[in-house]
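Student: Attaching a single structure in structure tokens format; questions to follow.
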Amino acid sequence: ILNVEQSPQSLHVQEGDSTNFTCSFPSSNFYALHWYRWETAKSPEALFVMTLNGDEKKKGRISATLNTKEGYSYLYIKGSQPEDSATYLCEAAGGTSYGKLTFGQGTILTVHP
Amino acid sequence: EPEVTQTPSHQVTQMGQEVILRCVPISNHLYFYWYRQILGQKVEFLVSFYNNEISEKSEIFDDQFSVERPDGSNFTLKIRSTKLEDSAMYFCASSSFATDTQYFGPGTRLTVL
């Protein structure tokens, strides 16, 4: 099992603030990193999948970067809105094969109006 | 837009009974996954499936669990003799290829009494 850690565990920000959180994973035998947004009572929604060192992905106000050499990914949200409130999960594929998938414990983001 | 569907949405069963959770992945996807989330804990990978066989499985996926793609559209998870600790939300997901974006179903809440 990969050791995938996310920090912080939870985050409270004001509407309009920009924020970021981290996912760290073992840098050896890495295949891919997924970010998901998970709202209560819904299923995880894919945000990004990244595979290459230095990858940067962007979707609206949300972006992510990947550093496979040091084993971390950042997720950034610019100008947070209340509807961004959710749990943000990262999932790493790696270890013995691409099929071994491990989620981090998630970062719970609450955006206050 | 194609989506992953799961049935039933909620299954209640007695300890020791067999349950089958059903998923219909997105039709042109080739990789299929089962995850579970025990209440209050993080999402855990159970198994990945490709080309009619298991690609990877976690330590959780013991002999009590099995998966099948019986007819080219359904993807099922069977728990042979349910235990109390099997109570969880079970998510199915599918992707086009191994490291691609995974699309999650809405989940089946399994309650073992």
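A short reminder: the numbers here are calculations on the coordinates, not readings from a lab. Note that the structure is a prediction, hence the values are computed from the model and not measured. Neighbour counts run over all protein chains shown; Cβ positions are idealised from the backbone, glycine included.
Student: Going by how many other Cβ atoms sit within 10 Å of their own, how do B:ILE20, B:ILE60, B:ILE79 line up, fewest first?
Tutor: Numbers: B:ILE20 13, B:ILE60 16, B:ILE79 19.
Neighbour counts put them in this order, fewest first: B:ILE20, B:ILE60, B:ILE79.
Student: To continue, here is another question. Which of the three applies to segment A:29-98, rounded, prolate or oblate, going by the alpha-carbon gyration tensor with a ≥ b ≥ c and a/c under 1.5 meaning rounded?
Tutor: Oblate, because a/c is 1.5 or more while a/b does not exceed b/c.
Student: Same structure again: Straight-line reach from A:LYS59: which lysines have Cα under 29 Å away, leaving out those fewer than 8 places along the same chain?
Tutor: A:LYS59 reaches A:LYS42, A:LYS69, A:LYS78, A:LYS100, B:LYS42.
Student: Let me check against my output: what whole-number percent is the relative contact order of chain B, with C-alpha pairs under 8 Å and at least 6 apart?
Tutor: Computed over chain B, the figure is 38 percent.
Student: Rounded if a/c is under 1.5, else prolate if a/b is larger than b/c, else oblate: which is chain B, with a ≥ b ≥ c the root eigenvalues of its Cα gyration tensor?
Tutor: In terms of gyration-tensor shape, prolate.
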